[in-house]
């Protein structure tokens, strides 16, 4: 039998919810017992498959997909109050390949779509996405940017980005490069969707919860710091640095941004026009699976002054 949820809530969530104890303890600390339980439950549900149209209005894409039986007629209601949904939820059992063939789009969770919406590059800008693979955000950002330079240190992973670029004919240039040493001198908007613990995407990768160790979070925080430091010089005065993760851990998110701002007083947080429910107290994007039904994500828009 499982431990009692009243007398041993951590033990109960560990065994009943099938999560490592160290992670459960951490979430109880950050989100409280009810929040941690809701998060564990969210991680054990099958996620929806959602799609973000690229270069075509969401409403038009939804009509085409609904006519093909791939989404419900109100397929883009899955904004869950986001004000301007940029994604469409596919029907359970719908073939994602058929959906991609029907409309120019990328398969993307609403949390990742919200990161792209939050980044909000000005029309006609040059965007550098320095941790671009597998390419969904670079392709989403290409809809309003003049050009996106998509860099990733793995040529193999970069090939996936190139597949999407060719499929959509998007203005995205791919280059194999380490984000700590960016392949260009300057860009209007620099996006670093850094390697992270991925604790916001456990429902999509159930085994990841058992592979991750607490020490990995400290190690990843070091990698993230180095990438931020490498990216900062590419941002000109008046330019924008967008830091993003699919993690829920404070030292990868708020803590990382706080440390960066202390070292770089010429940057400040500049919120985007987003619904308040997706913004934290500082104006950073914060999407929590237990509240949204989406993956987890965090992003900070940092304007250089």
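Figures for the structure shown
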read-out: Whole-Å distance, taken between Cα centres, linking region 117-193 and region 1-30; value: 40
read-out: Descending Cα extents along the principal axes, region 52-165, whole Å; value: 39, 30, 20
read-out: Centroid-to-centroid separation of region 36-55 and region 215-264 [C-alpha atoms, Å]; value: 25
read-out: Residue 208-residue 268 FRET efficiency (beta carbon distance; Förster radius 35 Å; 0.05 resolution); value: 0.55
read-out: For the chain: relative contact order, % (alpha-carbon pairs under 8 angstrom, 6 or more apart); value: 16
read-out: Packing-based order for 292-305, 43-56, using average beta carbon neighbours within 10 Å, highest first; value: 292-305, 43-56
read-out: Residue of 232, 74, 116 that the Gaussian network model of the chain assigns the largest fluctuation, springs spanning Cα pairs under 10 Å; value: 74
read-out: DSSP beta bridges in the chain [antiparallel fraction, %, rounded to 5]; value: 50
read-out: Sites residue 44 and residue 4 - FRET efficiency at Förster radius 22 Å, r taken between beta-carbons, to 0.05; value: 0.65
read-out: Ellipticity estimate at 222 nm from DSSP helix runs (n ≥ 4, -39,500 (n - 2.57)) divided over the chain, nearest 500; value: -11000 deg cm²/dmol
read-out: Residue list for region 172-190, given a label point 7 angstrom along the Cα-to-Cβ vector of residue 153 and an amide N cut-off under 20 Å; value: 174-185, 190
read-out: Relative packing of 205-215, 278-288, which averages over residues the other C-beta atoms within 10 Å, highest first; value: 278-288, 205-215
read-out: Zone residues, region 1-18, relative to residue 33, backbone N less than 18 Å from point 7 Å out along Cα-to-Cβ; value: 2-18
read-out: Paramagnetic label zone (point 7 Å from Cα along Cα-to-C-beta, residue 215; backbone N under 20 Å) in region 223-263; value: 223-225, 251-252
read-out: Theoretical FRET efficiency, 1/(1+(r/R0)^6), r = Cβ-Cβ of residue 101 and residue 223, R0 51 Å, to 0.05; value: 0.90
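Bear in mind these aren't lab numbers, they're just calculated from the coordinates by the rules spelled out. Here the structure is a predicted model, which means the values were calculated and not measured. With ideal geometry, Cβ positions are generated from the backbone for all residues, glycine too; neighbour counts draw on all protein chains shown.
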